[in-house]
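Readers should treat all values here as calculations from the given coordinates under stated rules, not as data from a laboratory. Here the structure is a predicted model, which means the values were calculated and not measured. Here the Cβ positions follow ideal geometry from the backbone for every residue, glycine too, while neighbour counts run over all protein chains shown.
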Amino acid sequence: MIECQSAPPETTSPACWRSSFSALGEAFFVPLAPTPIGQACWVGRNPALARELGWTDFEENAQEWLQVLSGNQLMPGMAPLASVYSGHQFGVWAGQLGDGRAILLGETSGQEIQLKGAGLTPFSRMGDGRAVLRSSIREFLCSEAMQGLGIPTSRALCVTGSDLPVRRETMETAAVVTRVAPSFIRFGHFEHFSHHGQHTQLRELADYVIERFFPSCRVDQALGGNAYASLLQAVAVRTAQTVAMWQAVGFCHGVMNTDNMSILGLTLDYGPFQFLDAYDPGHICNHSDHRGRYAFQQQPHVAYWNLHCLGQAMLPLIPDQTLAIKALEAFKPGFAAAYANRMAAKLGFAQADADSSRRCDELLRLLGGDRVDYTIFWRRLSRWCRNADRNDASVRELFTDRTGIDLWLLQFSERITQYPRTHSCELMLNTNPKFVLRNHVGELAIQAARTQDYSLVSTLLTVLHSPYDEHPGCEAYADFPPDWAGSIAISCSS
Ligand code: AMP
Ligand code: MG
């Protein structure tokens, strides 16, 4: 057990922090404490998540929690650790990676509590173990934006800031994000033990994941009764469902390396992500991604490729390779169904069919042709549907090709009349968000935070927690990006 570095804070936090992951044993991690960051301040807080965790004193004992969640102090019972994993980065085997700046503090209410940017670990390689303020604010807000959108994700409890200088392209300051998820296990954890021929540990890892998160794989007889093939299939389906949601909402992850792929199908490791402004299927949000490997429209293919890396890693556990291939094949129908259903809902249709898919393809072609703002289009279409005469020009004025969209809208209104108007309209307004975390909006919050004004971080958290609501007074955050948004360059540097 790690010693506390100073007197424990007086909080009513969980008495036992022991993570179930730590029971796997020391082949899987290195025990170590966060490196104190010095004087810290709150940048963003998510009391709603604290309540979900049962941390009733999060507000009351804010000063004590600030020390713990910036890595300055441990609570009694915490046994922090950094885990080892490997992975493929940009399609190439990258060898050992691991938690180079993330430290797991422990587990409460079935959720792991992890500090990102908490100092050096044995897996830091050339890095400094820290995370900068701008990327920490982006991760904090985007995690909760995804949660608000109903997309599987790791959560974010808070961001703390500091004066500690860190060097990236320029000098910046260090911050810490507290991330929360049932597990931070990645495809790369499996790849690590498989690559090193540590098949006992590989099996222990798979057994842990099955027991804790996929118990039905033990009794699934579909893939020769092999629980590991069944796990692979379950992960393929979950990944397909999450990526389908990304595609439907216009989310570009930016760095889908296998070490950033959650075994639970959560959106994980927010770095150079972006919600599309103009619809462009080839959009590349990561300025370090010179070849567009992780371009928006590539994401489903990359997810499938990444699943093959996981499948390859799990082969020592699956006696017959054809079972693994069959398991992975579940990705394709899983993705197709999830995507079709989500796009049909965006169109206000009760269910997906060949007609909804055809209309959707045609629409995306029109949106791409005119580089129409993706989020604004869908929200305007939802409101347009509510108008009795459907006479307003708010949708068609988004297009240069007015003939194309007029024809599409005409055919669409014929189809949509099959459903009760209020039903379709409600469905659309609850599927097409008014608010997503656009790059320039995040940038405004970051710039204000650099002057110690954290009010926009807090406002955006509220708005993004319920992105389908109107939030009067916050229209500016749902508007078109300003010209300067085009010059924001987000790279892997964080
Ligand atoms: P990422 O691209 O952020 O997912 O990081 C890839 C790998 O590099 C992971 O093993 C990270 O822990 C590690 N890493 C990224 N940034 C740093 C840093 N500043 N210090 C130490 N390790 C880092
Ligand atoms: Mg990562």
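Structural remarks
- log10 of Debye I(q)/I(0), alpha-carbon scatterers only, for region 351-448 at 0.10, 0.16 Å⁻¹: -0.31, -0.73
- Label-point separation, Glu470 to Lys332 (7 Å along Cα→Cβ), nm: 4.7 nm
- Extension gain, Arg421 to Ile325: 0.36 nm times the residue separation minus the Cα-Cα distance gives 30.1 nm.
- Packing-based order for 336-344, 66-74, 436-444, using average beta carbon neighbours within 10 Å, highest first: 66-74, 436-444, 336-344
- In order along region 105-111, the phi-based Karplus estimate (6.51 cos²θ - 1.76 cosθ + 1.60, θ = phi - 60°) of 3J(HN,Hα) comes to 7, x, 10, 9, 6, x, 10 Hz; Gly and Pro are listed as x.
- Degrees separating the helix 402-416 axis from the principal Cα axis of the chain, which is the longest one: 80 degrees
- Paramagnetic reach from Cys492 (point 7 Å along Cα→Cβ, amide N under 18 Å) across region 250-286: 253-262, 268-274, 284-286
- Computed from Cα positions, the angle between helix 354-369 and the longest principal axis of the chain comes to roughly 90 degrees.
- Shown is the FRET efficiency for Ala448 and Ala354, computed with R0 = 45 Å from the Cβ-Cβ distance and rounded to the nearest 0.05: 0.40.
- Based on the convex hull around the alpha carbon atoms, region 187-341 presents an average projected area of 9.3 nm².
- Average projected area [Cα convex hull, region 406-494], square nanometres: 8.7 nm²
- Within straight-line reach of Lys434, meaning a Cα separation under 21 Å, sit the following lysines at least 8 residues removed in sequence or on another chain: Lys346.
- Cα-centred dipole magnitude for the chain, charges only on beta-carbon of K, R (+1) and D, E (-1), debye, nearest 20: 740 debye
- Calculated Rg and Dmax of region 75-127 using C-alpha coordinates, Å: 12.9, 42
- Kirkwood Rh, angstrom, region 20-181 [1 / mean 1/r, Cα pairs]: 16.2 Å
- With Cα atoms, 0 to 90° folded angle of helix 227-249 axis to the chain main axis: 50 degrees
- Relative to its residue count, region 99-167 spans a Cα convex hull of 103 Å³ per residue.
- Listed values for region 285-290 are Karplus-derived 3J(HN,Hα) couplings in whole Hz (6.51 cos²θ - 1.76 cosθ + 1.60, θ = phi - 60°), namely 8, 9, 5, 8, 8, 5, and x replaces Gly and Pro.
- Each Lys and Arg contributes +1 and each Asp and Glu -1, all at the Cβ; summed about the Cα centre of region 325-455, the dipole is approximately 220 debye.
- Share antiparallel - DSSP beta bridges, the chain, percent rounded to 5: 95 percent
- Compared with the direct C-alpha span, the chain from Asp57 to Ala94 gains 9.1 nm at full extension, assuming 0.36 nm per residue.
- The alpha carbon convex hull volume per residue for region 157-248 rounds to 181 Å³.
- Ranked from largest, the principal axis spans of the Cα set of region 224-267 equal 38, 21, 11 Å.
- Rounded to the nearest angstrom and listed largest first, the equivalent-ellipsoid semi-axes of region 265-390 from its Cα gyration tensor are 33, 21, 12.
- The spread of Cα positions in region 239-303, taken along each principal axis and listed from longest to shortest, comes to 30, 23, 19 Å.
- Over the chain: helical MRE at 222 nm, DSSP H runs n ≥ 4 each giving -39500 (n - 2.57), nearest 500: -12500 deg cm²/dmol
- In terms of the mean number of neighbouring beta-carbon atoms within 10 Å, the peptides 153-166, 461-474 order highest first as 153-166, 461-474.
- Debye log10 I(q)/I(0) for region 381-420, one point scatterer per Cα, at q = 0.19 Å⁻¹: -0.52
- By average C-beta atoms within 10 angstrom, highest first, the peptides 222-234, 319-331: 222-234, 319-331
- Per residue, the convex hull spanned by the Cα atoms of the chain measures out at 150 cubic angstrom.
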